[in-house]
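Below: one structure, written as structure tokens.
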Amino acid sequence: MNISFSPPFIDQNVINEVVDALKSGWITSGPKVKELEAEILHLTKSKSAICVNSWTSGAIMMLKWFGIKEGDEVIIPAYSYCATALCVLHCGATPVMVDITDDLTIDPMQIKRAITPKTKAIIAVDLAGLPCDYNAIKSIIKSTRSRNLFVAESEKQQRLGRILLISDAAHSIGATYMGHSAALSSDITIFSFHAVKNITTAEGGCICLNLPGFFDINEEYTFLKVFSLNGQNKDAYTKSKGGNWRYDILYKGLKINMPDVCAAIGLAQLRQYKRFLLPARKRIAQKYCQLLSKFEWFISPSLKDHTRESSYHIFPLRIKDITEALRDQIIEDIVSLGVTVNVHFIPMPMLSYFRKSGYDIAKYPNSYKQYACEISLPIYPGLTEEDTDYIIDAVVNVVQSKMRNAKLMELSLIR
Ligand SMILES: *Cc1c(COP(=O)(O)O)cnc(C)c1O
């Protein structure tokens with residue numbers, strides 16, 4: 001057996017769509033990107049969708065859009081991929097890391113404590129695909145205390161009049177919150193279409209705008225489209241039509257547009273997402289839970305409760321009362337049986353760059369605790385019943401034998 005962790009879903013529909021882009025004579029931003037944006041609007045019910053070349057670049061653009069700069073603070077969870085912090089640093093601002101709850105999402109109580117007059121935004125991460133506690137986060141943002149602390153320094157900040165809520169929805173396309181698309185829970189939701197995500201364009205991302213009604217969404221869409229293409233008022237596709245050669249540069253924009261040849265991959269996947277790809281992930285998660293829940297060492301991931309349902313992007317298995325070292329040994333043995341697993345995530349304060357910048361994992365005890373016992377199992381539509389049976393057997397056999405050995409060691413030490 002050799003089971004990979006998260007290969008991209010490439011079927012004949014995907015290949016046909018990419019070939020169509022290649023043969024059309026137009027491979028960078030054009031009609032395929034427009035179609036992908038339309039599919040995302042259809043799925044998420046968002047007011048607007050702007051495709052870009054990654055989650056990271058989209059997040060940098062949106063922080064800049066809000067006027068975030070040196071001296072500002074953005075609250076983020078310590079438990080996430082580094083991009084959640086790097087986008088803030090690239091705007092010159094300071095990522096203020098806070099701890100998570102046991103469901104692996106940012107702890108609203110910690111957010112409340114971290115808000116200062118410098119706080120301009122919060123980036124909440126829908127970890128593993130599970131939407132954050134948005135009702136709690138929004139009531140903190142909208143409280144009189146937070147509004148009074150907020151200092152508006154840009155035109156957008158003045159218009160919003162409060163802390164901006166951004167969702168890092170890199171994992172959570174298709175997730176729901178309060179019976180609606182989870183993308184509607186914040187001001188700005190950003191998806192990642194990196195190769196390992198539920199929907200991929202090889203590299204890519206999409207910004208969904210659900211700003212309050214006093215923002216002109218069409219105006220914001222047009223601005224962001226121009227800003228994401230060097231601030232150029234006419235994209236190359238428009239210029240390629242005869243007689244359209246003259247253009248102007250309106251802003252100091254970024255160059256982060258998504259090419260059509262990439263959009264084609266995601267377009268063909270998204271068309272079968274709700275009906276086929278997402279239910280396939282859910283079935284695997286349910287099978288893992290069902291077959292592992294009889295073991296007392298199994299801590300189930302939060303996948304669904306009365307307010308939200310995950311997009312089943314990651315299956316973060318956790319094992320009760322094990323040390324980080326034992327977890328590492330368990331991974332080694334599972335891998336030696338031909339099953340590739342992963343850890344999501346190494347808390348950012350443990351990574352060299354952040355550690356050297358002064359972040360200290362001791363201040364995020366729950367992030368460390370969850371990380372130390374976490375193993376992400378493969379979960380993707382290409383897994384067969386045979387594959388998932390094999391994965392479960394491998395995990396159970398390895399964990400049981402390691403736990404037995406650890407107990408024996410303990411006994412001999414006591415004696
Ligand atoms: C993948 C990921 C990102 C970054 O996405 P890119 O498209 O690679 O920039 C950001 N946040 C989280 C939580 C991720 O898993």
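No lab work stands behind these numbers, since they all come straight from the coordinates. None of the values given here were measured: they were computed from a predicted structure. We place every Cβ from the backbone using ideal geometry, glycine too, and count neighbours over all the protein chains shown.
Descriptive notes on the structure:
- Against the numbered list (1) in a loop (DSSP other than H, G, I, E, B); (2) within 16 Å of the ligand (Cβ to nearest atom); (3) in contact (Cβ under 8 Å) with a residue 60 or more places away in the chain, D102 comes up short only at (2).
- Sub-6 Å Cβ pairs linking a first residue in the range 291-317 that is hydroxyl-bearing (S, T, Y) to a second residue that is surrounded by fewer than 22 Cβ atoms within 10 Å (Cβ to Cβ), at least 6 apart or interchain, are S300/C289; S302/D103; T307/M178; S310/L303; Y312/K282, ordered by first then second residue.
- In the range 318-328, the residue that is nearest to the chain's Cα centre (by Cα) out of those that are in contact (Cβ under 8 Å) with a residue 12 or more places away in the chain and either part of a helix (DSSP H, G or I) or closer than 15 Å to S376 by Cα (or both) is R318.
- Condition met for F345 (closer than 25 Å to I111 by Cα, in contact (Cβ under 8 Å) with a residue 60 or more places away in the chain and not in a loop (DSSP other than H, G, I, E, B)): no
- For K287: the one exception among (1) out of contact with any Asp or Glu (no Cβ under 8 Å at 6 or more places or on another chain); (2) part of a loop (DSSP other than H, G, I, E, B); (3) not hydroxyl-bearing (S, T, Y): (2)
- Check on I68, away from the ligand (no atom under 13 Å from the Cβ), out of contact with any His (no Cβ under 9 Å at 6 or more places or on another chain) and not in a strand (DSSP E or B): yes
- Restricted to the range 191-204, and to residues there that are near the ligand (Cβ under 8 Å from one of its atoms) and on the phi < 0 side of the Ramachandran plot, the residue that is nearest to the chain's Cα centre (by Cα) is S192.
- Extreme residue, surrounded by the most Cβ atoms within 10 Å (Cβ to Cβ), among residues of the range 16-39 that are part of a helix (DSSP H, G or I) and free of Cβ contacts under 8 Å to residues at least 60 places away in the same chain: K34
- Counted residues, the range 166-184 - those being within 19 Å of E220 (Cα to Cα) and more than 16 Å from the ligand (Cβ to nearest atom): 1
- Criterion violated by F66 - all others in (1) out of contact with any Leu (no Cβ under 6 Å at 6 or more places or on another chain); (2) touching a residue at least 40 places away in the same chain (Cβ under 8 Å); (3) closer than 29 Å to M258 by Cβ satisfied: (1)
- Flag for A268 being surrounded by 16 or more Cβ atoms within 10 Å (Cβ to Cβ), small (G, A, S) and under 19 Å from A21 (Cα atoms): yes
- Screening V88 on (1) farther than 25 Å from P316 by Cα; (2) within 15 Å of the ligand (Cβ to nearest atom); (3) part of a loop (DSSP other than H, G, I, E, B) shows it passes everything except condition (3).
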